[in-house]
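In what follows, a single structure is set out as structure tokens and then discussed.
The values are calculated or read from the model by the stated rules, or taken from the named source; none is laboratory data. Just so it is clear, the structure is predicted and the values come from calculations on it, not from any experiment. Positions of Cβ are backbone-derived with ideal geometry, glycine not excepted, and every protein chain shown enters the neighbour counts. We work out accessible area using only protein heavy atoms, side chains counted, and drop any ligands, DNA or RNA first. Shrake-Rupley method; radii C 1.70, N 1.55, O 1.52, S 1.80 Å.
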Amino acid sequence: MTMRWFGGCAPEGPQLAPEGARVLWSEPRLWMVGKWPTPLIRMAKSRTALLAVIGPCAATQQDLAPALTAPDLAKAVGHWPGSYTAVRFTARAVVEIVTDPTGACPLYTAHTPHGIVWGSSARALAPLTGGEVDTDWLAAYLWDTAAPRDDRSPWEGVRPVPPGHVLTLAAGGSRFLQPWWSSPTPRPRTEALRGLRHALTEGVRARVEDTPSATDLGGMDSTTLAVIAARHRPLTAITAYPLGHTEGGDLDYARALRVPGLTKIEFPLEAAHLPFAPAITPMPATDEPPPSTAVWAMLSAQLRLAKAQGTVRQLTGDGGDHLFLASPRHLVDLAHDRRWLPLMRDALAWARLRRQAPGPLITAALRGDTEGIARPWLARPPWLTPDTPEPRWRSGNATQALISSMRTVARTAHADAQLCDDVGIELHNPYLDGAVLTAVAAAPAEARFSAHRYKPLLVDAVGDLLPALHRDRATKGTFTSSFHHGLRANLRRVLDLTDGQLAARGLINPAPLRTTIHAAAMGAETNWARLLPTLAAEQWLATIDRTSAVRWHDTTPAPAGRR
């Protein structure tokens, strides 16, 4: 299958197009590559403007018409539920492109000798700028997947357009970039809950009502999506469970769920599906290392199972934990406001829950260190070479930290979506929708945290749609043991990754990496958040090497009289 992506050229700019593109507009260029079902592309036009909304969106065709002439395009289109990019071309020879707030629909630009080309895939644009991986980006990624700078992509010369911005391209090569979305104005909790309910239910509806779809069915996040989706059309829900575990955990909750229109399928993970196992479906090339690299054998098998049921679209609960299972980053806000009693109360409650000392939490809060509170394990991976510089993490309040965290999840999840394109399944993550983030970020930071309730914002917003058993759930299934088993079963294959391109680029030292892998294979406590990205990056580089680059064609008409 061909990866789905879209792009275009600046007005009166280069007349370039990638191989296999379907041109929607000729001047300026707007094209689509791969299979794009009709609901994912909505277009409108007037005498003076063209508008395209690309991606799942709850807006109707009637909603699009006012945006054609709206003086502020982002204000006209940015509030719709869904994950989408809006592109407008006006008679003034100007292209305006509105990016979504989370970055779930990424956008990039490449400067060519004849002008700017933009697109939704960094890898696809890379041949226009030399086709080389950006080693500095890769070094930051190995340190921490949240560390790469906002102004760099994994490919040299390809620059990301920041989430929540409007990119304006005008004839003559002019380029303007301005933000349209920022931390939302705080709202009372009840208003934020209403906004969250609307954004989530409408975002799911927009995805499933016209398309055969499936969902994961595991924890509360995916169960909520399944229940909402089944209200609009029959749905397949798949529960994966670890080898040898035929009851308990997610299985018990999935079996107890009784929802009209929901067809439930249990997917037992066999030895061939263990993490790190070779997959039947080769892993395709993507914009950056996909988070699901280690579990591609399992994920691709689950997608094939869904496809056999007639599924076109797969919904996942990715992003739900980051939104609703908040660590106490709000302690920084409490310290800043000198609210010492709530600070001590919540720090002690979190420390008891996590069975840790409260001192480091309080110290981090007084320093304004949101990362130290949320990710106290964050440290230089021992296999990184000494000259790999330590990234600079942005400080900020709890809401800014939430937004940054969600943008990291959305950016990396896009690579997983590109994996799924290769199987012929669209991967959708409704919790990464801009309207969902807007609603959650508008809630008071303290309301997003609880040491006593499980995902209180989600439960209070849509919990009435769930059966009591699932609404009151306070745990989720875990596959940690499967990673140890999979590593042990595929040890030689994984060890072969330690002395490859990352080492050749001077980014890692193979010896400590091998030591960590051996320990993990023996069942030692492992910081998977440090190890998995390194292994994924090595496999990503190998995949890129064996995949042909996107080919581009110059379609500029030849001058009159030239053959």
### Query
Which residues, counting only those in the range 196-232, are of a type in the set (D, E, K, R) and under 20 Å from the mean Cα position of the chain (by Cα)?
GLU202, ARG205, ARG207, ASP216, ASP221
### Query
Pick from ALA536, ALA521, ALA489: which is in contact with a Ser or Thr (Cβ under 6 Å, 6 or more places away or on another chain) and under 25 Å from PHE267 (Cα atoms)?
ALA536
### Query
Out of all the residues in the range 81-96, is one or more of a type in the set (A, V, I, L, M), under 23 Å from the mean Cα position of the chain (by Cα) and closer than 24 Å to ALA285 by Cβ?
no
#### Entry: Residues that are at pLDDT below 95 and open to solvent by 20 Å² or more (accessible area, probe 1.4 Å), drawn from the range 148-169
ARG149, ASP150, ASP151, ARG152
### Query
With ALA76, ALA91 as the choices, which residue is over 20 Å from TRP5 (Cβ atoms), open to solvent by 60 Å² or more (accessible area, probe 1.4 Å) and either at pLDDT 95 or above or small (Gly, Ala, Ser) (or both)?
ALA91
### Message
What's the total number of residues in the range 379-397 that are within 16 Å of ALA146 (Cβ to Cβ), modelled with pLDDT of 85 or more, buried (at least 17 other Cβ atoms within 10 Å of the Cβ) and of a type in the set (A, V, I, L, M, F, W, C)?
### Response
1
### Task
Among the residues of the range 194-224, write down those that are surrounded by 23 or more Cβ atoms within 10 Å (Cβ to Cβ) and more than 30 Å from LEU269 (Cβ to Cβ).
LEU196, ALA199, ALA206
### Message
Taking the criterion of being farther than 30 Å from SER121 by Cα and of a type in the set (D, E, K, R), would at least one residue in the range 270-291 satisfy it?
### Response
yes
### Message
Against the definition (outside any strand (DSSP E or B) and in contact (Cβ under 8 Å) with a residue 12 or more places away in the chain), how does ALA17 come out, yes or no?
### Response
no
### Query
Would it be correct to say that LEU497 is touching a strand residue (DSSP E or B) at 6+ places or on another chain (Cβ under 6 Å) and closer than 30 Å to VAL295 by Cα?
no
### Task
Quickly run through the range 97-142 and pick out the residues that are of a type in the set (Ser, Thr, Tyr) and either crowded, with 20+ Cβ neighbours inside 10 Å or under 15 Å from the mean Cα position of the chain (by Cα) (or both).
THR99, THR102, TYR108, THR109, SER120, SER121, TYR141
#### Entry: Of all residues making up the range 27-47, the number that are under 21 Å from THR69 (Cα atoms), open to solvent by 40 Å² or more (accessible area, probe 1.4 Å) and modelled with pLDDT under 90
2
### Task
Starting from the range 22-45, take each residue that is over 23 Å from LEU427 (Cα atoms) and list its partners that are part of a helix (DSSP H, G or I) and open to solvent by less than 20 Å² (accessible area, probe 1.4 Å), counting only C-beta distances under 7 angstrom and pairs at least six apart or across chains.
ALA44/LEU64
#### Entry: Enumeration of residues in the range 23-32 that are within 26 Å of the chain's Cα centre (by Cα) and either assigned to a loop (DSSP other than H, G, I, E, B) or more than 16 Å from LEU167 (Cβ to Cβ) (or both)
TRP31, MET32
### Message
What's the number of the only condition in (1) aliphatic (A, V, I, L, M); (2) within 27 Å of THR129 (Cα to Cα); (3) touching a helix residue (DSSP H, G or I) at 6+ places or on another chain (Cβ under 6 Å) that ALA70 fails to meet?
### Response
(2)
### Summary
For helices (runs of 4 or more DSSP H) lying entirely in the range 423-533, having 3 or more residues that are of a type in the set (Lys, Arg) and over 22 Å from HIS245 (Cβ atoms) picks out none
### Task
Please work out if ASP250 is modelled with pLDDT under 95 and either open to solvent by 10 Å² or more (accessible area, probe 1.4 Å) or in contact with a Pro (Cβ under 8 Å, 6 or more places away or on another chain) (or both).
yes
### Residue count for the range 213-233, restricted to those that are touching a strand residue (DSSP E or B) at 6+ places or on another chain (Cβ under 7 Å) and not polar (S, T, N, Q)
8
## Note on the structure
Here the qualifying pairs (Cβ atoms under 9 Å; residues six or more apart or on different chains; first in the range 180-199 and at pLDDT 95 or above; second in a helix (DSSP H, G or I) and open to solvent by 70 Å² or more (accessible area, probe 1.4 Å)) come out as TRP180/LYS75
### Query
Somewhere in the range 104-125, is a residue farther than 21 Å from ARG42 by Cβ and charged (D, E, K, R)?
yes
### Query
Checking ASP63 against (1) open to solvent by 20 Å² or more (accessible area, probe 1.4 Å); (2) touching a residue at least 12 places away in the same chain (Cβ under 8 Å); (3) part of a loop (DSSP other than H, G, I, E, B); (4) not hydroxyl-bearing (Ser, Thr, Tyr), which single condition isn't satisfied?
(3)
